[in-house]
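Undergrad: Encoded as structure tokens, here's the structure I'll be asking about.
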Amino acid sequence: MRVRVGFIFASLTVLGVACGGNDAGRRQLDVMAASSLASAFEILESDFEAANPDIDVRVTSGASSNLALQIENGAPADVFASADESTITKVADFLVPDYRVFATNQLQIMVASGNPKNIRSLADLERDDLIVITAQEGVPVRSYTDDVLARTGVVANFRSFEANVGGIVTKITNGAADAGIVYRTDVIAAGSRASGVDIPADQNVVARYPIAVLASSTRRDDANVFVAFLDGPGRATLRDLGFGSP
């Protein structure tokens, strides 16, 4: 299935009405995943369905903060994978206890392909000649970014605030912005469309990705099988895409 991106509570509600499965009789499993997991979960979805042909996985991707809000508002879903632990703890009352961290990531400065503006460090993000962008407050990549900048005392010259990390990537790869702090896996996924500038380890942070089953899920057995898949066959896929192990 194709990953659907954005804040689509209405669409999820429609899916919830048909939660018994699709026309072929497969059991539908609704997974909410952070934007930075979108590409990875598209691959993992296909791999999981190949190993479990009776389960039809539907992935909805968006900012973890927006997905959490949907969960609080009763959106039907079975699994929630967030880009940070802070967000998932905010909706702990809606989840089966004891989430697990299944992957890690780090931040990197994304710049235009070939780095034409010669951006070399976090300090360059203060330059007036650059269009530097970030995400809105509350979005995990913004929280991680603020932590990194606080460590170095850099006051980045942000010009735009995107809904999620995918918005940062899109603007930079389309030439609408010069730089932004994203996840390392985003730079890898962009390929030749962008370049990355490393952030020194003593200035960087480790992003931890937790996953949990929703307490309201009527398909907990299938949800648990999916979560376990990430710790099994799915781990190699995550590693190949640049994610670290917890």
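The values are calculated or read from the model by the stated rules, or taken from the named source; none is laboratory data. Since we're looking at a predicted model, the values are computed, not measured. Ideal geometry is used to build each Cβ from the backbone, glycine not excepted, and the neighbour counts take in all protein chains shown. All accessible areas refer to the heavy atoms of the entire protein, side chains included, with ligands and DNA or RNA removed. Shrake-Rupley method; radii C 1.70, N 1.55, O 1.52, S 1.80 Å.
Undergrad: List every residue pair whose Cβ atoms lie under 8 Å apart, where the two residues are 6 or more positions apart in sequence or sit on different chains, the first residue falls within region 60-79 and is farther than 13 Å from ASN164 by Cβ and touching a residue at least 60 places away in the same chain (Cβ under 8 Å), and the second residue, located anywhere, is open to solvent by 10 Å² or more (accessible area, probe 1.4 Å) and aromatic (Phe, Trp, Tyr).
TA: GLN70/PHE7; GLN70/PHE9; ILE71/PHE94; ASN73/PHE9; ALA75/PHE9
Undergrad: Please specify each residue of region 78-87 satisfying the condition of being within 16 Å of the chain's Cα centre (by Cα), open to solvent by less than 10 Å² (accessible area, probe 1.4 Å) and of a type outside the set (Val, Ile, Thr).
TA: PHE80, ALA81, SER82, ALA83
Undergrad: Let me ask another. In region 6-19, is there at least one residue being at pLDDT below 95, surrounded by fewer than 22 Cβ atoms within 10 Å (Cβ to Cβ) and within 18 Å of VAL225 (Cβ to Cβ)?
TA: yes
Undergrad: GLU42: under 20 Å from PHE94 (Cβ atoms) and either open to solvent by 10 Å² or more (accessible area, probe 1.4 Å) or among the aromatic types (Phe, Trp, Tyr) (or both), yes or no? Steps first, answer last, please.
TA: Numbers: under 20 Å from PHE94 (Cβ atoms): no; either open to solvent by 10 Å² or more (accessible area, probe 1.4 Å) or among the aromatic types (Phe, Trp, Tyr) (or both): yes.
For GLU42, the condition - under 20 Å from PHE94 (Cβ atoms) and either open to solvent by 10 Å² or more (accessible area, probe 1.4 Å) or among the aromatic types (Phe, Trp, Tyr) (or both) - is not met.
Undergrad: Does GLU49 qualify as being exposed (fewer than 15 other Cβ atoms within 10 Å of the Cβ), over 21 Å from ALA207 (Cα atoms) and modelled with pLDDT of 95 or more?
TA: Criteria not met by GLU49.
Undergrad: Name the single residue that is nearest to GLN203 (Cα to Cα) among those in region 91-115 being open to solvent by less than 10 Å² (accessible area, probe 1.4 Å) and assigned to a strand (DSSP E or B).
TA: Residues of region 91-115 that are open to solvent by less than 10 Å² (accessible area, probe 1.4 Å), as a first pass: 91, 102-103, 105, 107, 109-111.
Okay, now just the ones that are also assigned to a strand (DSSP E or B), so 102-103, 105, 107, 109-111.
Working: PHE102: 23, ALA103: 20, ASN105: 14, LEU107: 10, ILE109: 12, MET110: 16, VAL111: 18 Å.
Result: LEU107.
Undergrad: Taking LEU29 as the residue in question, decide whether it is out of contact with any helix residue (DSSP H, G or I) (no Cβ under 8 Å at 6 or more places or on another chain), buried (at least 16 other Cβ atoms within 10 Å of the Cβ) and either modelled with pLDDT of 95 or more or outside any helix (DSSP H, G or I) (or both). Spell out how you get there, then give the answer.
TA: Working: out of contact with any helix residue (DSSP H, G or I) (no Cβ under 8 Å at 6 or more places or on another chain): no; buried (at least 16 other Cβ atoms within 10 Å of the Cβ): yes; either modelled with pLDDT of 95 or more or outside any helix (DSSP H, G or I) (or both): yes.
Answer is no for this residue.
Undergrad: Within region 116-135, identify whether any single residue is among the small types (Gly, Ala, Ser), open to solvent by 60 Å² or more (accessible area, probe 1.4 Å) and part of a helix (DSSP H, G or I), and answer yes or no.
TA: Within region 116-135, not a single residue is among the small types (Gly, Ala, Ser), open to solvent by 60 Å² or more (accessible area, probe 1.4 Å) and part of a helix (DSSP H, G or I).
For every residue, the table says whether it meets (1) over 29 Å from VAL206 (Cα atoms); (2) at pLDDT 95 or above; (3) open to solvent by less than 10 Å² (accessible area, probe 1.4 Å).
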position	(1), (2), (3)
ASP54	yes, yes, no
VAL59	no, yes, yes
ASN66	no, yes, no
PRO76	yes, no, no
THR89	no, yes, no
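Undergrad: Further question on the same structure: Give me the pairs, please: first residue somewhere in region 186-201 and over 18 Å from SER35 (Cβ atoms), second residue anywhere and open to solvent by 60 Å² or more (accessible area, probe 1.4 Å), beta-carbon distance under 7 Å, and either six or more positions apart or on two chains.
TA: As it stands, the answer is SER192/SER113; SER195/SER113; SER195/GLY114; VAL197/ARG120, since those pairs meet every condition given.
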